[in-house]
1. Give me the one-decimal nm value for the distance between modelled label points at ARG59 and ALA34, 7 Å along each residue's Cα-to-Cβ direction.
2. Please give the contour-minus-distance gain from LEU12 to LEU41: 0.36 nm per residue of separation, less the Cα-Cα distance, rounded to one decimal in nm.
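Bear in mind that the values in this text are calculations on the coordinates, not laboratory data. It should be emphasised that the depicted structure is a prediction, and the values quoted were computed from it without experimental measurement. Positions of Cβ are backbone-derived with ideal geometry, glycine not excepted, and every protein chain shown enters the neighbour counts.
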Amino acid sequence: MRNYAVHLICHLLVVLAGLAGGIATGLWLFDGNAAAGWLALLALVVALGVLALQAGHLRRERASAAPRGSRDSRGRRTLPEPGTR
């Protein structure tokens, strides 16, 4: 449950970008508004950027939480002691 707030904020931003993109796409298709087409494209790019940032954040979080073993005298990895992180 760590960083659950980051997860919720990313979802909120993607939903808002999707809503803005959907409205802009509707204006572009049915009203012929060229500026709305560019706004729809911008909303898509923003949503994909937020999802990429969230994926990177989750990847870094999982990498830092992974248990790391020590190395023996020959440089080979050993398993961590039971009950430790």
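1. For the pair ARG59/ALA34, the computed spacing is 3.8 nm.
2. Result: 8.6 nm gained on full extension.
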